[in-house]
Amino acid sequence: MQTDAQPFDVLALRRYLEEHIPDLGPLLELSPFSGGQSNPTFLLTDGKSRFVLRKKPAGELLPSAHAVDREYRVIHALQGTGVPLARPVCLCEDPTVIGTAFYVMDFVEGRIFWDPALPELNGPGRRALYDDINRVVALLHAVRPEAVGLQDYGRQGHFLERQIARWSRQYTASETRPIEAMHQLMAWLPRHIPDSKGHGLVHGDLRLDNMIVHPTEPRVMALLDWELSTLGDPLADLAYHMLPWHLTAQQFRGMAGRDLAALDIPLEQDYLTQWLLRTGHPPVSAETWSVYLIYNLFRLAAILQGIARRAEDGTATSSNAQETGARARPIAEVAWRLARERLGAR
């Protein structure tokens, strides 16, 4: 039985790719990318060009998870919109080729940053990169789904209600040991959903490390990992993107507690205001913004709990999956504390 830790049948892959890549080179080689917990990702070289292959993990999966077909569809649809993306090459939904569905896209040369405090850059570089990231996120959220053939990419309306229900189910299905804060949030959140009519394309995982940055310039070259993309509320997508302002580095790749002014990184309100100006979104109250943050902390905890479950089941794709999954509890506790302190949750 094939697992993601084992190389799959490269000859079978080559036979498939020869039908979809003109003049495929003679030396087909695969090597796994490190990092990430979701869909196994490989560098694919043919002796002339480099590509990236993303596949579903091996083993039994949670419903609707690891949807590489949706990833492929959205990056294909967004070509030509100005949103920076890798060029899609082909999608294979036949699991007999390499064991699971997969897709191939061009390799994009650049840097990936994991620490939102950006210690690799100087102050002006940090400021410039955050401004470009804000520009790219606003550009994505300004895309009209119907203009790119994605009008049926998700359901209309009641986005937060459906997402809270979805991630509650996902958490429950992957719970290994009960997390009291998650159960508190699952009861509290449905009763405190803001009245928002925002609708558009959302990425679903707009973390810094899902962006390829130009090798030398403070410019985003490609948004990666569209597995969780759908139609929904862009403000919810932005709030997830801005969780680093509320989490420490120890909790989950955050920068809470850092002197952002000294680092030349925009303060939370300034970054939010810039997005509002670029998208034309109406002003957001402090109470509404807090609910969006709490929801996204809850959602992140549910995602991490899924990793914890895969680590326990032996199907995780990362060697540090157990350590990553263990962060679900403290992040859920941050969310519940925020609900109590800002909105009087009991």
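The values are calculated or read from the model by the stated rules, or taken from the named source; none is laboratory data. Because the structure is predicted, anything quoted here is derived from the model rather than measured. Ideal geometry is used to build each Cβ from the backbone, glycine not excepted, and the neighbour counts take in all protein chains shown.
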Of all residues making up the range 87-112, the number that are surrounded by fewer than 20 Cβ atoms within 10 Å (Cβ to Cβ) and among the aromatic types (F, W, Y): 1
Residue ID - nearest to V52 (Cα to Cα), chosen from residues in the range 76-121 that are out of contact with any helix residue (DSSP H, G or I) (no Cβ under 9 Å at 6 or more places or on another chain) and touching a residue at least 60 places away in the same chain (Cβ under 8 Å): F107
Number of positions in the range 305-341 that are in a helix (DSSP H, G or I) and either of a type in the set (G, A, S) or modelled with pLDDT of 95 or more (or both): 20
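Can you name every residue in the range 269-287 that is under 15 Å from S196 (Cα atoms) and surrounded by 15 or more Cβ atoms within 10 Å (Cβ to Cβ)?
Of everything in the range 269-287, those that are under 15 Å from S196 (Cα atoms) and surrounded by 15 or more Cβ atoms within 10 Å (Cβ to Cβ) turn out to be L276, H281, V284.
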Subset tally (residues that are under 19 Å from the mean Cα position of the chain (by Cα) and assigned to a helix (DSSP H, G or I)) for the range 147-156: 0
Test for A138: is it crowded, with 19+ Cβ neighbours inside 10 Å, among the small types (G, A, S) and under 22 Å from the mean Cα position of the chain (by Cα): yes
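Anything in the range 318-337 that is surrounded by fewer than 22 Cβ atoms within 10 Å (Cβ to Cβ) and among the β-branched types (V, I, T)? List them, or say none.
T324
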Residue in the range 219-237 that is assigned by TED's automatic domain parsing to the domain that holds F298, farther than 26 Å from L78 by Cα and of a type outside the set (S, T, N, Q) present: no
Test for I179: is it farther than 19 Å from V284 by Cα, touching a residue at least 24 places away in the same chain (Cβ under 8 Å), under 21 Å from the mean Cα position of the chain (by Cα) and surrounded by 17 or more Cβ atoms within 10 Å (Cβ to Cβ): no
Residue pairs meeting the criteria (Cβ under 6 Å; at least 6 apart or on separate chains; first farther than 24 Å from H158 by Cα and in the same structural domain as Q151 (by TED's automatic domain parsing), in the range 199-210; second part of a helix (DSSP H, G or I) and among the aliphatic types (A, V, I, L, M)): none
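Residue by residue, here is whether (1) outside the structural domain of L24 (by TED's automatic domain parsing); (2) among the acidic types (D, E); (3) over 24 Å from G154 (Cα atoms) holds:
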{"site": "Y72", "(1), (2), (3)": "no, no, no"}
{"site": "H76", "(1), (2), (3)": "no, no, no"}
{"site": "G80", "(1), (2), (3)": "no, no, no"}
{"site": "R87", "(1), (2), (3)": "no, no, no"}
{"site": "C90", "(1), (2), (3)": "no, no, no"}
{"site": "P95", "(1), (2), (3)": "no, no, yes"}
{"site": "A128", "(1), (2), (3)": "yes, no, yes"}
{"site": "D131", "(1), (2), (3)": "yes, yes, yes"}
